[in-house]
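Visitor: Take a look at this one; I'll ask things after.
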């Protein structure tokens, strides 16, 4: 009986160790700089990159999700999430990308400030109107206001 209980406990322990580390909120903090050659960078959407299998959310910005429809002044719809992702892809294409990681977001993904070819990607996306400044930070509010006033990117229709 004792051997059966001990074996059962070992089985449970083995299962727990096999589960992802973030399942119970035990993900270690992420800091430091992650750098990648152009062929090691993938754009997921307008605010997310994958570098060396690490998912990185661009800190301080919000971009529309792929498939999200935005309407222009004439009412015509377009996939504004795809447009935002394409803008990020243009910024990173052919360039080494470096991200200064600053912890994790609410979903457990790494978050960071990233740059390519001397351009800070987070600010550039907001300044060009392809993303908004995240409401919980004032880091890019000035860039968003300028893009909105100039009707750049997704602000062309006046609403994003």
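The values are calculated or read from the model by the stated rules, or taken from the named source; none is laboratory data. Since the structure is predicted, the reported quantities are computational estimates derived from the model, not experimental observations. Glycine also receives a Cβ, built like all others from the backbone with ideal geometry; neighbour counts cover every protein chain displayed.
Visitor: When you scan region 107-118, do you find a residue that is outside any loop (DSSP other than H, G, I, E, B) and out of contact with any helix residue (DSSP H, G or I) (no Cβ under 9 Å at 6 or more places or on another chain), even just one?
Guide: Yes, that holds for at least one residue.
Visitor: Right, here's the next one. What are the residues in region 66-86 that are within 19 Å of residue 41 (Cα to Cα) and touching a helix residue (DSSP H, G or I) at 6+ places or on another chain (Cβ under 6 Å), if any?
Guide: Result: 66, single match.
Visitor: Give just the number: which of (1) crowded, with 20+ Cβ neighbours inside 10 Å; (2) under 17 Å from the mean Cα position of the chain (by Cα); (3) part of a helix (DSSP H, G or I) does residue 49 not satisfy?
Guide: (3)
Visitor: Can you tell me which condition residue 41 does not meet? The list is (1) surrounded by 15 or more Cβ atoms within 10 Å (Cβ to Cβ); (2) closer than 14 Å to residue 125 by Cβ, and all the others hold.
Guide: For residue 41, the exception is condition (2).
Visitor: Okay, next question. Under 6 Å by Cβ, and 6 or more places apart or on different chains, what pairs join a residue from region 53-76 that is on the phi > 0 side of the Ramachandran plot and buried (at least 20 other Cβ atoms within 10 Å of the Cβ) with one that is at pLDDT 90 or above and outside any strand (DSSP E or B)?
Guide: From residues that are on the phi > 0 side of the Ramachandran plot and buried (at least 20 other Cβ atoms within 10 Å of the Cβ), the pairs are 60/122; 60/134; 60/140.
Visitor: Being surrounded by 21 or more Cβ atoms within 10 Å (Cβ to Cβ), over 14 Å from the mean Cα position of the chain (by Cα) and in contact (Cβ under 8 Å) with a residue 60 or more places away in the chain, is that true of even one residue in region 124-138?
Guide: no
Visitor: Condition (residue is assigned to a loop (DSSP other than H, G, I, E, B), modelled with pLDDT under 95, exposed (fewer than 13 other Cβ atoms within 10 Å of the Cβ) and at positive phi) applied to region 83-95: is it met by at least one residue?
Guide: No: zero hits.
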